[in-house]
Amino acid sequence: MNERFLTTLEGTADAAARSTPPAVARRLRGLSDRAIAWIFISPTIILLLAINIFPLCWAIYLSFTNYRANRPNAEVKGVGLRNFERVLTDGDTWLAMQATAHFVFWTIVLQTLIGFTLAYLIDRKFRGHAFWTTVILIPMMLSPAVVGNFWRFLYQPQIGLFNYIVSFFSGVEPSSFQMLGDVTLAPWAIIIVDTWMWTPYVMLICLAGLRSIPDYIYEAAEVDRASPWRQFWSITIPMALPFIMLAVLFRGIENFKMFDMVVLLTGGGPGSTTELASITLKREAFESWRTGRASAFAIILFVAVFGLANIYVKALNRVKQR
Amino acid sequence: MSTTAHSVVSPGRLSKSIAGAVVIIYALVTMIPLAWILLTSLKSPPDSISYPPKVIFEPTAEGYCNLFTTRSRQTDEYIESLGPPQGICDEITRKRNMVIVGESNYWPRFMNSLIIGFGSTVLAVFFGTLAAYGFSRFRVPLADDLLFFILSTRMMPPIAVAIPIYLMYRELGLSDTAVGMILLYTAVNVSLAVWLLKGFIDEIPREYEEAAMIDGYSRMQAFFKVVLPQATTGIAATAIFCLIFAWNEYAFAVLLTSGEAQTAPPFIPTIIGEGGQDWPAVAAGTTIFLVPILVFTILLRKQLLRGITFGAVRK
Amino acid sequence: MSRALKLTLGLTTALSLTAAASVSAKADELTLCWAAWDPANALVELSKDFEAQTGTEMSFEFVPWPNFADRILNELNAGGKLCDLLIGDSQWIGGSAENGYYVKLNDFFEAEGISMDDFAAAAVNAYSTWPKGTPNYWALPAMGDANGWFYRKDWFSRPELQAEFKEKYGRDLAPPQTWDELKEVGELFQGREIDGKTVYGAAIFTERASEGITMGATSAMYPYGFKYENTPGSYDMEGAVNSPEAVAGLEAYKELYKCCTPPGYTDSYMTEGLDAFKSGQVAMAMNWFAFFPGLAKDENVGGDKIGFFVNPKQNIAASTLGGQGISVIANTDNMDGALAYIKWFAQPDVQKKWWDLGGYSVHNDVLNDPSFKDSQPFAADFLVAMNQVQDFWQEPSYAILLQDMQKRLHDYVVADKGTAKEALDQLIEDWTETFEDDGKINN
């Protein structure tokens, strides 16, 4: 099926290419490479300017005003840095940042540990490993919102499956704990779902890392009679490290932005225990409709993500160069 | 060469089977939630919320019927006054003292997902292929900066992007329209498309085009007749990645659409029955929504790594 | 090239056209937006008469409660054209009137001879007017509603429970009259085995995201004596919002939550409460009157097994207001059709049928009919409740005010943060900031 699908596509492209009318071709023939380069690149740049950069500039402007999107008739006044000051001095902002940090840290730790272990095991190339790898990859392809919604069902203390499975293995009464309603358990409930979903992602990248290590290095180590333990720590880990770090980078950025899955699982509750930064931002922007203040918060988040990612990429490059 | 049992180069049989067993157990455990979705979609509403959860039950199409219909509770006399039930869903509904009053919104929302998904994919891949070729073959001033700029648009939290887009679309009349959503998803996907396709096109030797141009092809002809056919695998893989993003997206959809152009992800969690959440119908909607993704995952498995790392890891 | 390009362009244009075509509704089509719940299905049934009479094709957009405000207010603010008619919550009137989202109906009412005196005065004030207390109408009262209670009559009448309760409290086991009694009854049932199943005291509202916990907790706070302001319209909240009575009311709600709710009811609103009651988990539950017709007819817990009661008193008698009016959206493409629907809906015989089908008419002809009280087991309670309702702020900034209250209440009741007094003190701070931003309080 796969191949047929691709051949069909190839055929279409061929036909399209053959049918290029001579007039157009002649006109284009005269174009310099430089002109072609710009003709090819500018649609993308224009689209990004219109849908990304222009709105970003608008948001920067709004962050200095008291604008509210649900009061189209109200007068818009500049308020200087007041929005930024309010966001940064608001205790709730910092609680949201803490919740986000907790979520990002633990999802990365768990996914890296489990993901690397799985990759290491799959790299043993046992029989059927390709099939099982594909099976493992399925969760990460699904819609986080739909997954979050269904996990809410699985987590129901009375009727959900999760508590029964835990109860089966631990003997704890299934209705005696509430994953989503308990202040101490809820942050872990969202970490569990994220780990279920995204461990395959880390696994896949780690697997690429492991497979990139040439056999001759191990062979040389074998000749030197290095123990498997030593081989693991002095060959496997250092050589796979850039890949692991890349996986951590992507997961870090994604989970810093996390919204859909958690909103459908807990809606930020109980209280504000799982209210991640994006959820606070959504409440501010689309429920309270304090657009100016929300824009200020959005810009603070963007700067944070961008800054952290840049520092991290520098570190990553240093590891790669070693 | 001879190997010891614990060598990494060629693992021994025992270590292989232990590794296999652990991986298979992990795979099976992670499949439980998905299996549970499928099972729940075949349960009756009372079975789905039974306490303790039922693993063995009598399967019914009620979840799927409820997914596609809206129903209203009626008196026995009224139901008896109607003719014989039309089809299986009618029969099931009447057993619950209800009648089908119309179609639900699930199908229109599913269609919206298809229209917006395919529309944005076609555009993103089209723009992306052109830009990727440009970056790959020509010396573009500030190319690295431009490429990084294209990527950085992906780092913004979607809610932060949605605030000004919401205002912009309100001014332009694009709120809750398929066009608005297609444009937005195109803009988000084009960064992925450029990065991925640049990688694929980089791999096509320049000599092919140069040879063609010596044969009298123009640069354009070389692009269409030589490069594009070589890049079809990459283009197809990129298209599927774009499609999956648009298919799964929730945050923009929930904030920028309310009905006409709403896609399935914001709709599915809002399926409710009489009184409570209709879990079999939710599960049925989820199952139908996830099937295309399962197919794509299998089709894509060889290109997956590249797609999820923006082409940074190519194997 | 040209073919591929044409294909893409063609496809895009086709898509844009379909999208554009679907936006502009035909003149004889109407879309009515409301929450997805039992009365909405009754309205679909009722509207078939309107469709038959006028040939208009009605379509409905019903949004589940937790997303209702969020999505519809988003739609209104975006200037969308999804709804021609909207049955919107009472708190939205202020903002929607000031922003011009709703059509002002005074002239239309006058021209068509529709008199607001034909509807219950409290309902007209709550669902139709802005500013409050003035005869400026932005909606026709569509659905009266308040928060009430229902209980398992069959469990209450068990002799062994009756005896045990009487011995402990010296009175009969009956629907509670006060919040103190409510807790005692809840404790009686909590964790008890009935018919081989563990059951619990009461299902109450604790939902975080939209309005759930506010609607639930105010049902305790109003009867204890909670007020929004010392003097209405003055925004002086100190000593009203955090009065000793208000604190006691909030504490009572938390005590009930701690002692008597089923496990896992930490984020539950209407649907979760109904699920708990229908699956036989709880002896009592609070919920909107809107659900009572469906409950009374329920296969498992309806009929003889269910009884209803008005929200218990404490220091005063009070109920939390629900309910909505029906408004015409200002940028509808089918203004005539939308107004025709309102005119049709206001007719006394349509209102009567509305009540028969399970909707709560507040038309005086329906309410004052001598047979009304006995027409349903909860009809008399409905009249009592509607006479003692209190509502949340209806300010244009209501959404911010509600978000603040949701957060403070959920943090205190469910997440165990701080004391009731601290929660209400912080709430005053939050609200003061909002009113200062709005220029209602000078700082």
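Other residues with beta-carbon under 12 Å from the beta-carbon of C:GLN177 carry, at +1 per Lys or Arg and -1 per Asp or Glu, a net charge of -2. For a modelled paramagnetic label at C:ASN315, 7 Å from Cα along Cα-to-Cβ, the residues of segment C:361-396 in reach, with backbone nitrogen under 20 Å, are C:388-393. Compute the separation of the alpha-carbon centres of segment C:84-135 and segment B:185-228 and state it in Å as a whole number. That distance is 62 Å. One chain, two ends: C:ASN364 and C:GLN53. Fully extended at 0.36 nm per residue, the span grows by 109.5 nm beyond their Cα-Cα distance. Across peptide C:202-210, the average count of Cβ atoms from other chains found within 10 Å of a residue's Cβ is 3.
Charged side chains reduced to their Cβ positions (Lys and Arg at +1, Asp and Glu at -1) give chain C a dipole of some 800 debye around its Cα centre. Short-range pairs are left out: with C-alpha atoms under 8 Å and at least six residues apart, the relative contact order of segment A:216-285 is 19 percent. Of the trypsin sites (Lys or Arg not before Pro) found in segment C:125-167, those in coil by DSSP whose Cβ has at most 16 other Cβ atoms within 10 Å are C:LYS132. I need the calculated FRET efficiency for the pair A:SER42 and A:THR134, taking r as the beta carbon distance and R₀ as 30 Å, to the nearest 0.05. Result of the calculation: an efficiency of 0.15. Bridgeable aspartates and glutamates around C:LYS166 (alpha carbons under 18 Å apart, same-chain partners fewer than 8 residues away excluded): C:ASP154, C:ASP180, C:GLU181, C:GLU184, C:GLU187. Please check: in the Gaussian network model of chain A (C-alpha springs, under 10 Å), which one of A:GLY271, A:GLY292, A:GLY148 has the largest mean-square fluctuation. Highest fluctuation among the options: A:GLY271.
Legend: mean number of C-beta atoms from other chains within 10 angstrom of residue C-beta atoms, peptide A:70-76, equals 5. Ranking of A:SER175, B:SER152 by neighbouring Cβ atoms within 10 Å, starting from the fewest: B:SER152, A:SER175.
Its Cα centre serving as origin, chain B has a Cβ charge dipole (Lys and Arg +1, Asp and Glu -1) of approximately 1140 debye. Take each residue of peptide A:121-133, count the partner chain Cβ atoms within 10 Å of its Cβ, and average: the result is 6.
Could you give the length gained by full extension between C:ASN442 and C:LYS258, i.e. 0.36 nm per residue of separation minus their alpha carbon distance, to one decimal place?
Values: separation 184, 0.36 × 184 = 66.24 nm, distance 3.99 nm.
Difference between extended and current length: 62.2 nm.
Could you tell me the center-to-center distance, by alpha carbons, between segment C:373-390 and segment C:213-287 in angstrom? So the two Cα centres are separated by 20 Å. Listed by Cβ neighbour count within 10 Å, with the fewest neighbours leading, A:ILE45, A:ILE191 appear as A:ILE45, A:ILE191. For the listed peptides B:140-148, A:245-253, a ranking on the average number of other beta carbons within 10 Å per residue, highest first, reads A:245-253, B:140-148. Taken along the Cα-to-beta-carbon direction at a fixed 7 Å, the label points for B:ILE18 and C:ALA163 span 6.5 nm.
Only lysine pairs 8 or more places apart, or on different chains, with alpha-carbon atoms under 27 angstrom apart are counted in chain A, and they number 5. Ordering A:ALA240, A:PRO214, A:THR195 by the projection of their Cα atoms onto the charge dipole of segment A:148-241, which places +1 on the Cβ of Lys and Arg and -1 on the Cβ of Asp and Glu, puts A:THR195 at the extreme positive end. Each Lys and Arg Cβ is given +1 and each Asp and Glu Cβ -1; about its Cα centre, segment C:265-390 then shows a dipole of about 260 debye. Label positions at C:TRP344 and B:ARG139, each projected 7 Å from the Cα along the C-beta direction, are separated by 7.3 nm. For chain C, the 222 nm mean residue ellipticity estimated from helices alone, with every DSSP H stretch of n ≥ 4 adding -39500 (n - 2.57) and the total spread over all residues, rounds to -14500 deg cm²/dmol. Projecting label points 7 angstrom from Cα along Cα→Cβ for A:PHE105 and B:VAL29 puts them 2.4 nm apart. Membrane-span-like helices in chain B (whole DSSP H runs, Cα extent of at least 27 Å along the helix axis, mean Kyte-Doolittle hydropathy of at least 0.0): B:13-41, B:106-137, B:178-202, B:228-248, B:279-300.
Using just its DSSP H runs of length 4 or more, each adding -39500 (n - 2.57), chain B gives a mean residue ellipticity at 222 nm of -21000 deg cm²/dmol after division by all residues.
To the nearest ten degrees, helix C:179-189 and the longest principal axis of the Cα atoms of chain C are 80 degrees apart. Overall form of segment C:161-273: oblate. Here a/c, set by the Cα gyration tensor axes a ≥ b ≥ c, is 1.5 or more, and a/b is not larger than b/c.
No lab work stands behind these numbers, since they all come straight from the coordinates. Note that the coordinates shown come from a computational prediction; the quantities given were computed from them, not determined experimentally. With ideal geometry, Cβ positions are generated from the backbone for all residues, glycine too; neighbour counts draw on all protein chains shown.
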